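What follows is one structure encoded as structure tokens, with my remarks underneath.
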Amino acid sequence: MLAEAMTARLNEQINLEFFSSNLYLQMSAWCEDKGFEGAAVFLRAHADEEMEHMRRLFTYVSEAGGMPLLGAIDAPDSQFESLKDVFVKTFEHEQLITQKINDLAHTAFANQDYSTFNFLQWYVAEQHEEEKLFKGILDRIDLVGNDGASLYLIDKELGQLATEE
Ligand code: OFO
């Protein structure tokens, strides 16, 4: 049975996963507007993945005897300076999420809630993948440069990446 304090912390994470999804969906709208169609498809697909992260938590809280609670979700940024700016922000956001997951895992362990600690290991592994993915995209943008032809190439690659994921 989930402790109340742990339930509250997991509910915060549910909310944060919703925010991640909305952030990436909003970013996809910016990309679409600027003609980066591949990046838009990639970010939309990633917004869907974030909803999966939310659902997995929602199901766990519910099955572990807690009550999932959906709160208000902050509006994400909608204006960005460049495609690079978008991906700098995705990487920073994923680093923040990793920190939150680590804090959650620490709390579960410290409270001898080994079931939740075990459940959270999926997120620990997932955050490793997420940081690797977004850092990889950022490195690629830095490598090819910021001119129109390079951005066109990156955009195409992101579109392909979305179909591979
Ligand atoms: Fe992108 O990992 Fe969930 O929030």
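Just so you know, all these numbers are worked out from the coordinates, no wet-lab data involved. Nothing here was measured: the structure is a model prediction, and the numbers come from that model. With ideal geometry, Cβ positions are generated from the backbone for all residues, glycine too; neighbour counts draw on all protein chains shown.
Within the same chain, lysines fewer than 8 places from residue 156 are excluded, and of the rest, those with a Cα less than 25 Å from its Cα are 34, 84, 89, 132, 135. Computed from the Cβ-Cβ distance with R0 of 45 Å, the FRET efficiency linking residue 121 to residue 32 stands at 0.80. Compared with the alpha-carbon gap, the fully stretched path from residue 131 to residue 150 is longer by 4.6 nm at 0.36 nm per residue.
Remark: spin-label model distance residue 157-residue 102 equals 2.7 nm, labels positioned 7 Å along the Cα→Cβ axis.
Placing +1 on the Cβ of every Lys and Arg and -1 on the Cβ of every Asp and Glu, with nothing else charged, gives the stretch 109-165 a dipole about its Cα centre of roughly 60 debye. With θ taken as phi - 60° and the Karplus curve 6.51 cos²θ - 1.76 cosθ + 1.60 applied, the whole-hertz 3J(HN,Hα) list for the stretch 17-29 is 5, 4, 4, 4, 4, 5, 4, 6, 5, 5, 4, 5, 5 Hz, x standing for glycine and proline.
Across the stretch 93-103, coupling constants 3J(HN,Hα) worked out from phi with the 6.51/-1.76/1.60 Karplus curve, θ = phi - 60°, read 5, 5, 5, 5, 5, 4, 4, 5, 5, 4, 4 Hz, and Gly and Pro carry x. The stretch between residue 55 and residue 88, if pulled fully straight at 0.36 nm per residue, gains 9.3 nm over its current Cα-Cα span. Over all directions, the projected convex hull of the C-alpha atoms in the stretch 88-157 averages 4.9 nm² in area. Each residue of the stretch 143-154 is assigned a 3J(HN,Hα), and the resulting list reads 5, 7, x, 10, 7, x, 5, 5, 5, 4, 5, 4 Hz, derived from the Karplus form 6.51 cos²θ - 1.76 cosθ + 1.60 (θ = phi - 60°), x at Gly and Pro.
For the stretch 18-165, the residue among 158, 115, 125 whose Cα projects farthest onto the positive side of the dipole built from Cβ charges is 115.
Which value, in debye to the nearest 20, gives the size of the charge dipole of the chain about its Cα centre, when Lys and Arg are +1 and Asp and Glu are -1 at the Cβ? Walk me through the numbers before you get to the answer.
Working: 12 positive and 30 negative charges, 44 e Å.
Dipole size: approximately 220 debye.
When you work out D = kT/(6 pi eta Rh) for the stretch 1-151 at 10 °C and 1.306 mPa s, using the Kirkwood radius from C-alpha pairs as Rh and the Stokes-Einstein form, the result is 97 µm²/s. Segment residue 143..residue 8, full-extension length gain: 44.4 nm, with 0.36 nm per residue of separation and the alpha-carbon distance subtracted.
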